[in-house]
């Protein structure tokens, strides 16, 4: 199977996450796209998650329920310490050798790719699918020129999926919940019910 991995803290998962997952799955003819729920991300120095990992995992599973071709990968949530993509892909390829894995990344994460742990080995093992708003690709690839081998850059450019990304952020959703505002247009209804039933993000910093 061809499996896309969309990584994140999903604190909480929202409609833009789902739109990216559905869009990439369709554009690249993937069998499934899994929300790869992080334990502790290495890309957010000093930043902690707001909801407990089990809540974030539960919300991700609720978000993809009834969504054809979408799933959840929970391996990183079971690891102690920071989660690194190279360790995740080694595990998944070892556990499921018949699957082909693809990492789905936004332009901001793509720009940092040369600094990822064992980036060369990671790029050898798995293809990356960058997701950009239309018209927002050239600058990132100019920044990466000279930092990654030319064949890798060419593959990344060929794999780009362009889509009108929704202006939704988990930070804004947490702030809205804390302020008592509606989030019905930002998250699936069942996720909002879960947030309110478990009083997540109430009264705390976003």
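Add -39500 (n - 2.57) for each DSSP H run of 4 or more in the chain, then divide by its residues: what number comes out at 222 nm, to the nearest 500 deg cm²/dmol?
So the helix-based figure for the chain works out to -11500 deg cm²/dmol.
Pairs of Cα atoms under 8 Å, at least six residues apart: use those to get the relative contact order of the chain, whole percent.
Here the relative contact order equals 25 percent.
Relative to the present Cα-Cα distance, how much length would full extension add between residue 175 and residue 93 at 0.36 nm per residue of separation?
The span from residue 175 to residue 93 would gain 25.7 nm if fully extended.
For helix 15-28, report the angle its Cα long axis makes with the longest principal axis of the Cα atoms of the chain; keep it between 0 and 90° and round to the nearest 10°.
30
Counting only DSSP beta bridges with both residues in the stretch 2-168, tell me the antiparallel percent, nearest 5.
Bridges in the stretch 2-168 that DSSP calls antiparallel: roughly 0 percent.
Compute the long axis of helix 85-95 from its Cα atoms, compare it with the longest principal axis of the Cα atoms of the chain, and write down the angle in degrees, 0 to 90, nearest 10.
80
Pull out the extension gain between residue 31 and residue 198, defined as 0.36 nm times the separation in residues minus the alpha carbon to alpha carbon distance; nm, one decimal.
56.8 nm
List the relative contact order of the stretch 130-179 as a percent without decimals, with contacts defined as Cα pairs under 8 Å and 6+ residues apart.
54
Which of 29, 85 comes first, and how do the rest follow, when ranked by fewest Cβ neighbours within 10 Å?
By the 10 Å Cβ count, ascending, the order reads 29, 85.
Mind running the shape call on the stretch 119-175? Use the C-alpha gyration tensor, a ≥ b ≥ c as the square roots of the eigenvalues: rounded below 1.5 for a/c, prolate if a/b tops b/c, oblate otherwise.
Prolate.
Relative to the longest principal axis of the chain, what angle (0 to 90°, nearest 10) does the C-alpha long axis of helix 53-64 take?
Long axis of 53-64 versus the principal axis of the chain: about 80 degrees.
Does the stretch 2-168 classify as rounded, prolate or oblate by the C-alpha gyration tensor (a ≥ b ≥ c root eigenvalues; a/c under 1.5 gives rounded; else a/b over b/c gives prolate, otherwise oblate)?
Rounded, because the longest to shortest axis ratio a/c is under 1.5.
Please order 55, 96 by the number of other Cβ within 10 Å, starting at the fewest.
96, 55
Of 155, 171, how do they rank once you tally other Cβ atoms within 10 Å and put the fewest first?
171, 155
Based on alpha-carbon positions alone, could you give the equivalent ellipsoid semi-axes of the stretch 70-206 from the gyration tensor, as √(5λ), descending, whole Å?
Result for the stretch 70-206: semi-axes of 32, 21, 14 Å.
No value in this document is a laboratory result; all are computed from the given coordinates. Just so we're clear, the structure is a prediction, and the values are computed from it rather than from any experiment. Every residue, glycine among them, receives a Cβ derived from its backbone with ideal geometry; neighbour counts consider all protein chains shown.
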